[in-house]
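Let me begin by presenting the structure, written as structure tokens, before commenting on it.
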Amino acid sequence: MRRKTKLIHGGISSDPATGAVVFPIYQVSTYKQEGVGGHKGFEYSRTGNPTRHALEELIKDIEGGKAGFAFGSGMAAITAVIMLFNSGDHVILTDDVYGGTFRVMTKVLNRFGIDSTFVDTSDLENIKSQIRPNTRAIYIETPTNPLLKITDIEAAAKLAKEHGLLTIVDNTFSTPYWQNPIELGADIVLHSATKYIGGHSDVVAGLVVVNDDKLAEDFHFVQNSTGGVLGPQDSWLLIRGIKTLGVRMEETESNTKAIVEFLQGHPKVKKVFYPGLESHPSHEVAKKQARGFGGMVSFDVGSTEDADRLLSKIKYFTLAESLGAVESLISVPARMTHASIPVERRAELGIVDGLVRISVGLEDVEDLIEDLNRALE
Ligand SMILES: Cc1ncc(COP(=O)(O)O)c(C=O)c1O
């Protein structure tokens, strides 16, 4: 099956009980047993629900793994993944990971004895130098948010294997349509499905895919024990979103390329961050491991005042957190998505006050460019 076909026919694409071409919403918490233990595969919806199962089979197929898992948010998914580890274990993470990932590692999971080190994983030497006897995993976000840094997944996974570590990849920005970390050697891939996978700004969800049966068993134990599962209605919305992921990502790609070209030529824009640019330091790695560069672009307009002026004039880019939906969104990471990162740390990372991040949507690109042009005047 090719990629767009798999988005539609992967997983369990119709209802075996009725033939309905759309898998139904099983809005149910428990299941009748014919005798003790005599059930049809479902006992209780935290442990397993048919609609959630259909989604989990679908994400497993499109990421190319052994088992899929759906959670009530990306953060619930990330927390559950880290719950695979024990007190005293250590994880190495990409330094400009999503602010919420930084927060949960340094303010919540640290209280349970899980230690973390943040490094620029786009340079493999930085990872190597931080491996300790108690290190258990390398956690990569690529491309990163908001600076669009790229880590070589294949090289990092090879290094991880040499040291007996798991490789975990947050694939939210690329989506499984453009990038499949498991094929590159990763053990666990996760998504904030709130973003491109849902695609319509109407669901908060997280997805995880693992590459081996033992890991699947261990991870199902964590999912069922901690219970942060996705409900059937939201599972159904994600299945619907995934059907159009391919066409949405193709259109996003062409809109984004046109916008990047416009921004690069604009005198008020000091710097553009986008992995599709040949001048991007990891452009070749991005080209090697992903089939597209995605719809996220950051650019520096110089100062908080310049950013605020742009925000006050822009019309079609909605000022909002989040990304990856049909409507174009705009944000200022330093005061929004990354506000939970201490100011000194933001400065170290290069998340400057004039940095503006856009998530390019599916409007006519001519309207988006005219809008940016007007707002930058
Ligand atoms: C890259 C990335 N990972 C994880 C998350 C967390 O996901 P959620 O907001 O669905 O909990 C986000 C949210 O913005 C994100 O951008």
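Of all residues in the range 61-81, those that are in the same structural domain as residue 233 (by TED's automatic domain parsing) have Cβ atoms under 8 Å from Cβ atoms of residues that are more than 15 Å from the ligand (Cβ to nearest atom) and of a type in the set (Lys, Arg), 6 or more apart or on another chain, in 61/6; 62/3; 62/6; 66/60; 67/60; 68/60; 70/52.
Every residue, every condition in (1) more than 10 Å from the chain's Cα centre (by Cα); (2) outside the structural domain of residue 138 (by TED's automatic domain parsing); (3) away from the ligand (no atom under 12 Å from the Cβ); (4) under 11 Å from residue 69 (Cα atoms), yes or no:
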{"residue": "191", "(1), (2), (3), (4)": "no, no, no, yes"}
{"residue": "197", "(1), (2), (3), (4)": "no, no, no, no"}
{"residue": "200", "(1), (2), (3), (4)": "yes, no, yes, no"}
{"residue": "206", "(1), (2), (3), (4)": "no, no, no, yes"}
{"residue": "213", "(1), (2), (3), (4)": "yes, no, yes, no"}
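Residue 117 fulfils the conditions (1) surrounded by fewer than 22 Cβ atoms within 10 Å (Cβ to Cβ); (2) among the β-branched types (Val, Ile, Thr); (3) away from the ligand (no atom under 13 Å from the Cβ); (4) in a helix (DSSP H, G or I) except for a single criterion, (4).
Residues in the range 294-301: is at least one buried (at least 23 other Cβ atoms within 10 Å of the Cβ), of a type in the set (Gly, Ala, Ser) and more than 19 Å from residue 350 (Cβ to Cβ)? So far as the range 294-301 goes, yes, one or more of its residues are buried (at least 23 other Cβ atoms within 10 Å of the Cβ), of a type in the set (Gly, Ala, Ser) and more than 19 Å from residue 350 (Cβ to Cβ).
State whether the residues of the range 315-324 include one that is over 26 Å from residue 206 (Cβ atoms), touching a residue at least 24 places away in the same chain (Cβ under 8 Å) and not assigned by TED's automatic domain parsing to the domain that holds residue 176. Yes, there is a match, as at least one residue in the range 315-324 is over 26 Å from residue 206 (Cβ atoms), touching a residue at least 24 places away in the same chain (Cβ under 8 Å) and not assigned by TED's automatic domain parsing to the domain that holds residue 176. Listed by first and then second residue, the pairs with beta-carbon distance under 6 Å, at least 6 apart or on different chains, first residue in the range 257-273 and polar (S, T, N, Q), second modelled with pLDDT of 95 or more, are 264/272.
One line per residue, one yes/no per condition, for (1) over 20 Å from residue 173 (Cβ atoms); (2) assigned by TED's automatic domain parsing to the domain that holds residue 215; (3) assigned to a helix (DSSP H, G or I):
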residue	(1), (2), (3)
109	yes, yes, yes
127	no, yes, yes
131	yes, yes, no
140	no, yes, no
146	no, yes, no
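If I ask for residues that are within 16 Å of the ligand (Cβ to nearest atom) and in contact (Cβ under 8 Å) with a residue 60 or more places away in the chain, which ones from the range 152-174 would you list? Answer for the range 152-174, where residues must be within 16 Å of the ligand (Cβ to nearest atom) and in contact (Cβ under 8 Å) with a residue 60 or more places away in the chain: 153, 168, 170, 171, 172, 173, 174.
Quick one: residue 240 ticks every box in (1) within 30 Å of residue 30 (Cβ to Cβ); (2) surrounded by 22 or more Cβ atoms within 10 Å (Cβ to Cβ) bar one, so which box is it? Residue 240 satisfies all of (1) within 30 Å of residue 30 (Cβ to Cβ); (2) surrounded by 22 or more Cβ atoms within 10 Å (Cβ to Cβ) except (2).
The set of residues in the range 82-96 that are within 16 Å of the ligand (Cβ to nearest atom) and either without any contact (Cβ under 8 Å) to a residue 40 or more places away in the chain or touching a helix residue (DSSP H, G or I) at 6+ places or on another chain (Cβ under 8 Å) (or both) comprises 82, 83, 91, 93, 95, 96. Limited to the range 222-269, what total is found for residues that are among the basic types (Lys, Arg), assigned to a helix (DSSP H, G or I) and over 20 Å from the mean Cα position of the chain (by Cα)? Qualifying residue count, the range 222-269: 1.
The values are calculated or read from the model by the stated rules, or taken from the named source; none is laboratory data. Fair warning: this is a prediction, and the values are worked out from it, not measured in the lab. Cβ: placed from backbone, ideal geometry, glycine included. Neighbour counts: every protein chain shown.
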